[in-house]
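Chemist: First the structure, which I've put down as structure tokens, then a few questions once you've had a look.
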Amino acid sequence: MSQMQTVRAVSKNLSISSRMLRYYEQVGLIESQRMDDYAYRVYDENAIQRLRQIIILRKLRVPVKQIREIFSNSDAVSVIEIFERNISELDGQITALSTVKSILNRLVHELHKKANMHLQLDYLGDSSVFAIVDSISLPKNTIQEETSMNDLNMASESLDKLKDSDVRIVYVPPMTVAAAYVSGEYEWGVGPEATSRIEQFVQETDLLKTKPDARGMGFAFSSEMPPKEYEAWVSIPDDMEVNAPLIKKTFGGGMFAAHVLRDWNFRDWDLLADWVKASERYEEAEGMPHFEEVLNYFYLMQNGAKMEDTQLDLLFPIKERK
């Protein structure tokens, strides 16, 4: 047992969130174990060593999909090809950033010459400069999985807020649902257990044959991470029977501010709440759940409900301000 480490210990020692550990386990990069008479999942030395390798590769900007290829491929030539592909992409990024740097240096030089004059940015309107900048292909702005909350908090304030165009206003109609409620102390939180019970219900009842438009969603009872109380739902036909431990419920519908979850640290919940708080038109609708809805539920369930295929919409309950 002395060589085993709990999720909490690994998370602290390697500075990685428990959600990311679960994600890496879900996509098959690492494995945890359960010891006899021990409640928590643990990792052995091989898993911890593999996790260190994953962290290094992610810091080298190797995508998770390529990491899976590397670990499943013993052919050195194939692994070399993956690294060379990434090197080629980095060369392109370096060239683009070098061009940006050169233009900024020239802009600074021009502004120094006119330091005591009324500021004009005529240089930026120069057709030759426009042609150069317009041809630059910069890498997409991607925040990697290992990005910490501190890194996110250091981002520009303007990038740390949702614009009106980022948020969709949607109406979730009334529906009958089968609900699974779970509470207690789980290493990953109780959400995965509640969701697993709903997935089992969907498979055992062949629900998607009678209701292909079924919606899968859930909500925590507090903002605590990981949550200690969680309820998962799936919409069902009104006349369908539901057996214990699941229960049958009726949802009355409502209006929500919606934003897709972009990272498994769930930082987007905070940004969506800030957007509602700052909105001049909408305010929070008290007493309504804050849903996490699975997108493309039919496809996901038909293909094994894999973690890497899962996309979530965050649904914040709102009403128009009076």
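Chemist: Return the residue satisfying two criteria in turn: it lies in the stretch 270-300 and is among the aromatic types (Phe, Trp, Tyr) and crowded, with 17+ Cβ neighbours inside 10 Å, and of such residues it is farthest from the chain's Cα centre (by Cα). Lay out the reasoning, then the answer.
Modeler: Our first condition is that a residue be among the aromatic types (Phe, Trp, Tyr); within the stretch 270-300, this holds for 275, 282, 291, 297-299.
Next, from what is left, pick out any that are crowded, with 17+ Cβ neighbours inside 10 Å: 275, 282, 291, 297.
Values: 275: 18, 282: 25, 291: 15, 297: 17 Å.
The qualifying residue farthest from the chain's Cα centre (by Cα) is 282.
Chemist: For the stretch 189-199, state whether one or more residues are modelled with pLDDT under 90, open to solvent by 40 Å² or more (accessible area, probe 1.4 Å) and among the aliphatic types (A, V, I, L, M).
Modeler: no
Chemist: Among (1) among the acidic types (Asp, Glu); (2) in contact with a Ser or Thr (Cβ under 6 Å, 6 or more places away or on another chain); (3) closer than 30 Å to residue 11 by Cα, there is one condition residue 293 misses while meeting the rest; what is its number?
Modeler: Here residue 293 clears every test but (2).
Chemist: Restricting attention to the stretch 213-250, which residues are surrounded by fewer than 18 Cβ atoms within 10 Å (Cβ to Cβ), in contact with a Gly (Cβ under 8 Å, 6 or more places away or on another chain) and of a type in the set (Val, Ile, Thr)?
Modeler: none
Chemist: I'd like to know if the stretch 62-69 contains one or more residues that are more than 27 Å from residue 265 (Cβ to Cβ) and open to solvent by less than 90 Å² (accessible area, probe 1.4 Å).
Modeler: Step one: of the stretch 62-69, the residues more than 27 Å from residue 265 (Cβ to Cβ) are none.
Checked against the condition, which is being more than 27 Å from residue 265 (Cβ to Cβ) and open to solvent by less than 90 Å² (accessible area, probe 1.4 Å), the stretch 62-69 yields no hits at all.
Chemist: Among the residues of the stretch 251-269 satisfying the criterion of being touching a residue at least 60 places away in the same chain (Cβ under 8 Å), assigned to a loop (DSSP other than H, G, I, E, B) and not acidic (Asp, Glu), which is surrounded by the most Cβ atoms within 10 Å (Cβ to Cβ)?
Modeler: 265
Chemist: Which of the residues that make up the stretch 270-302 are closer than 18 Å to residue 214 by Cβ and either among the hydroxyl-bearing types (Ser, Thr, Tyr) or in a strand (DSSP E or B) (or both)?
Modeler: If the condition is that a residue be closer than 18 Å to residue 214 by Cβ and either among the hydroxyl-bearing types (Ser, Thr, Tyr) or in a strand (DSSP E or B) (or both), then 291, 292, 293, 294, 297, 299 are the ones that fit.
Chemist: Can you list the helices (runs of 4 or more DSSP H) found entirely within the stretch 1-69 that contain at least 2 residues being among the hydroxyl-bearing types (Ser, Thr, Tyr)? So that I can check it myself, show each step before the final result.
Modeler: Working: elements: 7-14, 18-26, 45-59.
Once the helices (runs of 4 or more DSSP H) in the stretch 1-69 are filtered for at least 2 residues that are among the hydroxyl-bearing types (Ser, Thr, Tyr), what remains is 18-26.
Chemist: Out of curiosity, is residue 96 surrounded by fewer than 11 Cβ atoms within 10 Å (Cβ to Cβ) and at pLDDT below 80?
Modeler: Numbers: surrounded by fewer than 11 Cβ atoms within 10 Å (Cβ to Cβ): no; at pLDDT below 80: yes.
No.
The values are calculated or read from the model by the stated rules, or taken from the named source; none is laboratory data. On a predicted model such as this, the values are computed, not experimentally measured, just so you know. Note that each Cβ is placed from the backbone with ideal geometry, even for glycine, and that neighbours are counted across all protein chains shown. Side chains are part of the model used for accessible areas, which takes the heavy atoms of the whole protein and leaves out ligands, DNA and RNA. Shrake-Rupley method; radii C 1.70, N 1.55, O 1.52, S 1.80 Å.
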